[in-house]
Amino acid sequence: MLVGTSLKMYFTHARTVEWTRTVAAGLRERSLDGVEPFVIPQFPSIPACLEAARSSGLAVGAQDVATHDAGAFTGEVSAAVLAEIGCRYVEAGHAERRALFGETDDIVAAKADAALRHGLTPIVCVGEPDRGDPARAIDHCLDQIRAALCVADAADRDGEIVIAYEPVWAIGAPEPAGVDHIRAVCSALRDAPPARPRRRRVIYGGSARPGLLPLIADTVDGIFLGRNAHEPSAFEAVLDDAASLG
Ligand SMILES: O=C(CO)COP(=O)(O)O
């Protein structure tokens, strides 16, 4: 089970490192067999988080990645460098990047491919824009997944991918999507035959919180937290949820 959080742009650098130190220390104290935790801080905090997370099992990722590997791309951060410093994950196509920063399906596909080229695991974020029935959500997400992986598929790129199912209407909301909705969509995304065989895990995000994972555990491979992981104790409660699933 993957248990991860993106800290988005909420914390200061100091709070990010403190959060990571606290969670890493907790992880060193107890064994959580079968649970793979990760944290995704802002770019400048990544090296300090990697240091704070050392030998704790807490993996570190990036919230975005360049489509190109190197060159005249001012302001961009390459997958090559993220891999070089020890990142494991990069997000591609988070709803906020799609809505606020013009990240199109083509850009998401190029980013997912860039990540795979460098041995990083892309966390490809998909989700329907409006609340509706699961069948329409499934169609929407499968289209987004196909589009996001078309470049990597055409290049026969190996590696692992994570699909984060995050209904846009459930991000930043008071409540996560309903359990039946999450279960229906995540099972369908898991069961859909991939265009190319590679390890693929499906996780749920969108106002996720402690207590949710056990209700959806047989349909997902993990959970992706936002605001409800801001207290290290809440993140630890979700780690305990995951560990209790055996
Ligand atoms: O977007 C999310 C994780 O990537 C979810 O954020 P919230 O849990 O704060 O809604």
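The values are calculated or read from the model by the stated rules, or taken from the named source; none is laboratory data. Quick caveat, the model's predicted, so the values are computed rather than measured. Every residue, glycine as well, gets a Cβ built from its backbone with ideal geometry; the counts of neighbours run over all protein chains shown. Side chains are part of the model used for accessible areas, which takes the heavy atoms of the whole protein and leaves out ligands, DNA and RNA. Shrake-Rupley method; radii C 1.70, N 1.55, O 1.52, S 1.80 Å.
For this structure, a couple of remarks:
- Some residue of the range 101-108 being touching a strand residue (DSSP E or B) at 6+ places or on another chain (Cβ under 9 Å), open to solvent by less than 10 Å² (accessible area, probe 1.4 Å) and over 22 Å from residue 172 (Cα atoms): no
- Cβ pairs under 8 Å, 6+ apart, first in the range 199-210 and closer than 12 Å to residue 241 by Cβ, second at pLDDT below 95: none
- Matching residues in the range 77-91 - criterion: being of a type outside the set (Lys, Arg) and more than 12 Å from the ligand (Cβ to nearest atom): 77, 78, 79, 80, 81, 82, 83, 84, 85, 86, 87, 90
- Within the range 215-246, if we keep just the residues that are at pLDDT 95 or above and open to solvent by 60 Å² or more (accessible area, probe 1.4 Å), the residue that is nearest to the ligand (Cβ to nearest atom) turns out to be 227.
- Subset of the range 6-47 (residues that are aliphatic (A, V, I, L, M), open to solvent by less than 30 Å² (accessible area, probe 1.4 Å) and over 23 Å from residue 209 (Cβ atoms)): 17, 46
- Residue match in the range 192-204 (condition: on the phi > 0 side of the Ramachandran plot and either outside any helix (DSSP H, G or I) or at pLDDT 95 or above (or both)): no
- Among the residues of the range 21-49, the ones that are more than 17 Å from the chain's Cα centre (by Cα) and closer than 18 Å to residue 123 by Cβ come to 1 in all.
- Taking the listed residues 157, 196, 183, the one that is away from the ligand (no atom under 16 Å from the Cβ) and in contact with a Leu (Cβ under 7 Å, 6 or more places away or on another chain) is 157, with no other qualifying.
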